[in-house]
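Each remark here refers to the structure printed beneath this line.
The values are calculated or read from the model by the stated rules, or taken from the named source; none is laboratory data. Since this is a predicted model, take the numbers as computed values, not measurements. Cβ coordinates were reconstructed from backbone atoms using ideal geometry, including for glycine residues, and neighbour counts include every protein chain displayed.
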């Protein structure tokens, strides 16, 4: 289960599917948006059903450091610590 789900993070369902962007986090529910062709879709998902979808080449200590800096900035807080 993803314990910290930052706004703007790229996620996907553990069962597979489209890469989605986190747009809102409320307790155990996460709002996401994604595109199917040119059509914008949205949905609410249980946090436990989501997995990180960042491309492997983006995952580095630099990404972690960037998120650590943003986490302290109110504009980037997901509301969860």
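Residue-by-condition table, conditions (1) surrounded by 10 or more Cβ atoms within 10 Å (Cβ to Cβ); (2) on the phi < 0 side of the Ramachandran plot; (3) at pLDDT 90 or above:
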| residue | (1), (2), (3) |
| --- | --- |
| 4 | yes, yes, no |
| 13 | yes, yes, yes |
| 19 | yes, yes, yes |
| 25 | yes, yes, yes |
| 39 | no, yes, yes |
| 42 | yes, yes, yes |
| 57 | no, yes, no |
| 65 | yes, yes, no |
| 77 | yes, yes, no |
#### Entry: Evaluation of residue 61 against (1) at pLDDT 85 or above; (2) farther than 13 Å from residue 6 by Cα (one fails), failing number
(1)
